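What follows is calculated from the coordinates using simple rules that are stated; it is not laboratory data. Predicted, not measured: the structure shown is a model, and the values here were computed from it. Here Cβ is always computed from backbone atoms with ideal geometry, including for glycine, and neighbour counts include all displayed protein chains.
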Amino acid sequence: MDFQIPWGNTDMKPGKYTVHTTAKSADNSWSWSTDFDIKKEEAKKLNANAIDRFVLPKLWVILFASCSLSVGILLIVLNKRNRRRKAG
């Protein structure tokens, strides 16, 4: 059975790991530990598929660029409008 393990916004490093798991029901409790290795190629694949890491930064860059462009256009339009009023 595969379980998703969130590791945050850091890269998974190759190496030896141990996972400690506890499962509980109303009447029972089970605990077990499993050792596993992550090889360099597997770490690259896992890190490439870590969607959460890449979505947020790209979104912020797009939002910042869009807002900056909008403010720049607004300043140009207001500047031209003020020049016309002063000239006319």
Can you list the lysines whose alpha carbon sits under 21 Å from that of residue 58, skipping same-chain ones fewer than 8 residues off? 44, 45
Restricting the calculation to Cα positions, tell me the Rg (one decimal) and the Dmax (whole number) of the chain in Å. 26.3, 85
Beta carbons within 10 angstrom, averaged per residue: use that to sort the peptides 39-48, 76-85, highest first. 39-48, 76-85
On full extension of the chain, what length is gained from residue 81 through residue 7, given 0.36 nm per residue of separation minus the C-alpha to C-alpha distance? 21.4 nm
